[in-house]
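Have a look at the structure below, then the notes.
The values are calculated or read from the model by the stated rules, or taken from the named source; none is laboratory data. Since the structure is predicted, the reported quantities are computational estimates derived from the model, not experimental observations. All Cβ positions, even for glycine, are placed from backbone atoms using ideal geometry, and neighbour counts span all protein chains on display. Side chains are part of the model used for accessible areas, which takes the heavy atoms of the whole protein and leaves out ligands, DNA and RNA. Shrake-Rupley method; radii C 1.70, N 1.55, O 1.52, S 1.80 Å.
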Amino acid sequence: MPEQQPEPVHRTVPVQGGRIHCVEQGSGPLVLLVHGFPESWYSWRHQLPVIAAAGYRAVAVDVRGYGRSSKPADVDAYRMLALVGDAVGVVSALGERTAAVIGHDWGSGIAAHAALLRPEVFRAVGMLSVPYTPPGGPRPSEVFAAMGGEEEFYVRYFQQPGRAEAEIEADVRGWLAGCYAGMSGPAVDPGLYFVPPGARMADRFPSDGPPAWLSEAELDVYAGEFERTGFAGALNRYRTMDRDWEDLAPWNGAPITQPSLFIGGAEDASIGWLSAAIDAFPTTLPGLVSSHLLPDTGHWVQQERPEEVGALLVDWLRTAYPAQR
C-alpha cells in the first residue's frame, strides 16, 4: 500500500504586489500546480497526495484574483507577466530555487509562459486541456470578435467588465454546476461556448446539477469561495489578453525547450479549436516527453479522470524532474 501522506498544509506567502495562498503536501523537489477558470487550488485535491507520495513537494496555489490570494482592483494587474511573477515569487517564498510547473486551463497558459520566460526557475512544464501556443499572431480581441457569427464567443463575453459578473453572481452555485457539467465528457456541446444575442451563457448549460465527478459537498467548496470573493478577479484574466499580446512580443514564436507534457480530454471543445497547436508540438515543444488525449473526457481532465491523470503526471515527473537527483 502507498505510504499515507500527512494532511495538506495551508499557508499564504508574499509575492511582489500581494500574497498567494498555497496548499502544500509532501517533501522533495517542488512541483507547482496552477488552476484555471472557474476553479481554485481545490482542483488539484486528487493529485496533491499522489505527487507527494512520489517524493515531491506538491504545492497548489490560488491564482491571483481567486480564493484566499490577493485580488487587485486594477485589471492591468492580471496580465500574464504579473502571473508569471507570482509563480516565481511563490518558488522563492517557499525557499526553493527551481520547480516543475503544471497548469490546467488558464493555469496551463501561466505554466507555459512561466517556463518560457523563466527557464532557469521552471525546469519542466506540464499543460492540461490548453496546449501551448507561442506568443504572436493576430491581436486576440480581433480573433475573438470574429468567432461565432451572430453569436458571441464566451471569451469576448467575459471581456466586458461587469457583464459576466452580473450573470454568474446572481446564482453562483447553479452557474458553476452548469458550467462544470456542460463542459464534462463523455460529450460536450460546443454551443455552450457561444452566447446568442440577448441571452446568457448559462441558458445552454445543463440544469440537472453537478457532473458525476463532482459531489454536492465538493461543489459547495467552489461555490463558497466564489460567493465570498466574487468573480471580477477571476474574469480579469480574460480582460488583459491584448496587453499580453503586446507584453510578450519579444517572445513571438518562441518554443519551450524544457521537458514538457500535454494532457487533454478528447471531447473538450477547445481541443478542436486548438488542434493546430497540438500538431505544431514538434516545433513549439521540442522537449515534449509525452502527449495524451483521454477518451470520453471533457475540459476538467484532472477531476474527471483523477487517477489516470495522477499516474501520467508522476510518470512524466520521474523522467522530466526526478525526485532523486
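Things to note:
- One chain, two ends: residue 318 and residue 279. Fully extended at 0.36 nm per residue, the span grows by 11.5 nm beyond their Cα-Cα distance.
- Amide H partners (placed H, <5 Å) of residue 293, local residues excluded: 264
- Cα radius of gyration and Dmax for the chain (Å): 18.4, 57
- Rounded to the nearest 0.05, the FRET efficiency derived from the C-beta distance between residue 97 and residue 150 at R0 = 56 Å is 0.60.
- Across the chain, the longest piece that holds none of the GluC sites (Glu not before Pro) lying in DSSP loops with up to 16 other C-beta atoms within 10 Å covers 170-325.
- Solvent-free Debye scattering, log10 I(q)/I(0), computed from the Cα coordinates of the stretch 130-177 at q = 0.22 Å⁻¹: -0.91
- Across all directions, the average flat footprint of the convex hull enclosing the Cα atoms of the stretch 140-204 is 4.6 nm².
- The accessible area of residue 27, taken with all protein chains in place and a 1.4 Å probe, comes to roughly 90 Å².
- Table column - 3J(HN,Hα) (Hz), the stretch 50-66, Karplus curve with 6.51, -1.76, 1.60, x for Gly and Pro: 5, 5, 4, 5, 7, x, 10, 8, 8, 10, 9, 10, 8, 4, 2, x, 10
- Where both bridge residues fall in the chain, DSSP classifies roughly 35% of the beta bridges as antiparallel.
- Shape descriptor for the stretch 220-325: Rg over Rh equals 1.02 (Cα atoms; Rh from the Kirkwood inverse mean 1/r).
- Per residue accessible area in Å² of the chain, where ligands, DNA and RNA are left out and the probe is 1.4 Å: 40
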